[in-house]
1. Return a yes/no flag: does segment 182-193 have any residue that is open to solvent by less than 30 Å² (accessible area, probe 1.4 Å), within 22 Å of W268 (Cα to Cα) and either modelled with pLDDT of 90 or more or not aliphatic (A, V, I, L, M) (or both).
2. If you check G77 against the conditions, is it under 25 Å from A121 (Cβ atoms) and assigned to a loop (DSSP other than H, G, I, E, B)?
3. Quick one: would you say R89 is within 20 Å of L114 (Cβ to Cβ), open to solvent by 50 Å² or more (accessible area, probe 1.4 Å), without any contact (Cβ under 8 Å) to a residue 60 or more places away in the chain and not in a helix (DSSP H, G or I)?
4. Would you pick out the residues in segment 29-74 that are open to solvent by 70 Å² or more (accessible area, probe 1.4 Å), among the charged types (D, E, K, R) and in a strand (DSSP E or B)?
5. Which one of these is loosely packed, with under 12 Cβ neighbours inside 10 Å and not in a helix (DSSP H, G or I): L257, L322, L327?
6. Of the residues that sit in segment 209-241 and are part of a loop (DSSP other than H, G, I, E, B) and open to solvent by less than 70 Å² (accessible area, probe 1.4 Å), which one is modelled with the highest pLDDT?
7. Consider A120 carefully, then state whether it is open to solvent by 40 Å² or more (accessible area, probe 1.4 Å), more than 29 Å from the chain's Cα centre (by Cα) and small (G, A, S).
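The values are calculated or read from the model by the stated rules, or taken from the named source; none is laboratory data. No experiment lies behind these values; they were computed from the predicted model shown. Cβ coordinates were reconstructed from backbone atoms using ideal geometry, including for glycine residues, and neighbour counts include every protein chain displayed. Please note that ligands, DNA and RNA were not included when accessible areas were found on the heavy atoms of the full protein model with its side chains. Shrake-Rupley method; radii C 1.70, N 1.55, O 1.52, S 1.80 Å.
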Amino acid sequence: MTGEGLERALGELPFLALLRPDEIARAVRRFRIQELPPGEALELAAPELVLVLAGTLAARTSPLPHLPAREDLLRPGDRLGEVAVAIGRGPPARLEARTEAVIARLDVAGLEALLDEFPAAAVPVCEAIAEELRFKDGLLRELGEVEALGLTGRALEGALSARRGRLLRGASRVARRAASAVYRETIVRRGREPAFWMLLGFLAALAGARLTVRAILHWHLQDHLFALVRGASTNPVHLHHFNYGLVLVCLAGVANLLPRARELSRLWSAVFGLGAGLVFDEWALIWNLDPNYYQPLSLLAAAGTATLLLQLLLFRRFWATLAGRALARLTA
């Protein structure tokens with residue numbers, strides 16, 4: 001893993017989130033990078049923070065000697081022992097590499113040195129300890145309630161079994177990679193945000209329009225909610241939702257011409273996607289003026305547009321490279 005990739009991976013740790021990029025680069029030196037071939041096991045007797053950088057590992061932990069060990073599968077971005085290294089004690093753990101793996105390790109001494117150098121990192125560490133205390137306090141309170149109820153037999157065994165399961169899950173100390181980190185890695189840093197929000201808005205508008213129209217037709221609400229001329233036996237004026245879609249598309253286009261509005265690129269991308277979804281949901285009506293809402297042409301147009309947006313989201317660089325090469329050959 002390159003130095004930049006390592007800094008990016010470690011920068012996703014909660015207690016390093018408040019540091020500047022140059023400070024994260026210095027904090028990286030406190031970690032020990034280790035490679036594990038497939039099948040190799042690592043015993044962690046002392047508290048350590050382990051962050052998976054690459055590969056897949058199986059982690060086995062047990063909060064108490066008489067309880068069965070819990071096994072968790074760790075993937076890149078997952079971490080183990082974050083609270084244990086902060087409080088200086090925790091259950092032993094065993095890591096076994098399922099594939100070729102790379103991990104970053106930080107022991108108690110390394111964390112203390114890091115906190116001495118960067119005191120701001122102590123705030124997230126204290127938050128993690130407080131969360132652990134809240135979990136254990138809640139568990140002790142529940143056990144007190146079980147004892148106060150005087151349960152016996154199967155009722156007592158069931159209550160204790162549920163609390164035992166909570167203890168095993170909480171004591172594994174495995175933290176999954178946050179959804180925000182996945183979003184930054186796969187969408188933001190690869191320049192995919194506009195296409196992502198357009199696709200999200202498009203699918204939301206398409207699904208919302210289909211469900212709304214289905215409900216309106218099923219409950220016969222069109223003459224009650226959408227009659228622009230009240231009192232008429234039939235509704236002489238009707239605005240299809242593609243009209244609203246055209247307004248949203250134009251609004252997003254004009255907003256992107258304004259310097260201040262460009263700061264809200266996510267919002268306007270989503271608005272454009274919503275508008276496009278409303279337009280293509282009734283594409284057949286625009287194309288052939290047939291008022292039948294359930295025409296296959298509308299679904300085909302919507303599916304084609306969704307596929308195009310998906311291509312822009314996942315394969316934008318490929319198509320841009322292909323188009324560039326084709327243009328170069330034509331102009332050669």
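1. Initial filter on segment 182-193 (open to solvent by less than 30 Å² (accessible area, probe 1.4 Å)): 187.
Filter once more, keeping what is within 22 Å of W268 (Cα to Cα): 187.
Retained after the next criterion (residues that are either modelled with pLDDT of 90 or more or not aliphatic (A, V, I, L, M) (or both)): none.
Checking segment 182-193: not a single residue is open to solvent by less than 30 Å² (accessible area, probe 1.4 Å), within 22 Å of W268 (Cα to Cα) and either modelled with pLDDT of 90 or more or not aliphatic (A, V, I, L, M) (or both).
2. Working: under 25 Å from A121 (Cβ atoms): yes; assigned to a loop (DSSP other than H, G, I, E, B): yes.
Against the criterion (under 25 Å from A121 (Cβ atoms) and assigned to a loop (DSSP other than H, G, I, E, B)), G77 qualifies.
3. Working: within 20 Å of L114 (Cβ to Cβ): yes; open to solvent by 50 Å² or more (accessible area, probe 1.4 Å): yes; without any contact (Cβ under 8 Å) to a residue 60 or more places away in the chain: yes; not in a helix (DSSP H, G or I): yes.
Yes, satisfied.
4. R32, E35, E43, R60, R70, E71
5. Numbers: L322 fails: not in a helix (DSSP H, G or I); L327 fails: not in a helix (DSSP H, G or I).
Within the list L257, L322, L327, the selection yields L257.
6. Start the filter on segment 209-241 by keeping residues that are part of a loop (DSSP other than H, G, I, E, B), which leaves 220-221, 226-240.
Imposing the further condition that a residue be open to solvent by less than 70 Å² (accessible area, probe 1.4 Å) reduces the set to 221, 227, 229, 232, 235, 237, 240.
Details: L221: 77, A227: 58, V229: 56, A232: 54, N235: 57, V237: 65, H240: 86.
Among those residues, the one meeting the criterion is H240.
7. Values: open to solvent by 40 Å² or more (accessible area, probe 1.4 Å): yes; more than 29 Å from the chain's Cα centre (by Cα): no; small (G, A, S): yes.
So A120 does not fit the description; no.
Listed here are the residues, each with its yes/no results for (1) modelled with pLDDT under 90; (2) exposed (fewer than 14 other Cβ atoms within 10 Å of the Cβ); (3) outside any helix (DSSP H, G or I); (4) aliphatic (A, V, I, L, M).
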position: D116; (1), (2), (3), (4): no, yes, no, no
position: A130; (1), (2), (3), (4): yes, yes, no, yes
position: D137; (1), (2), (3), (4): yes, yes, no, no
position: L140; (1), (2), (3), (4): yes, yes, no, yes
position: E145; (1), (2), (3), (4): yes, yes, no, no
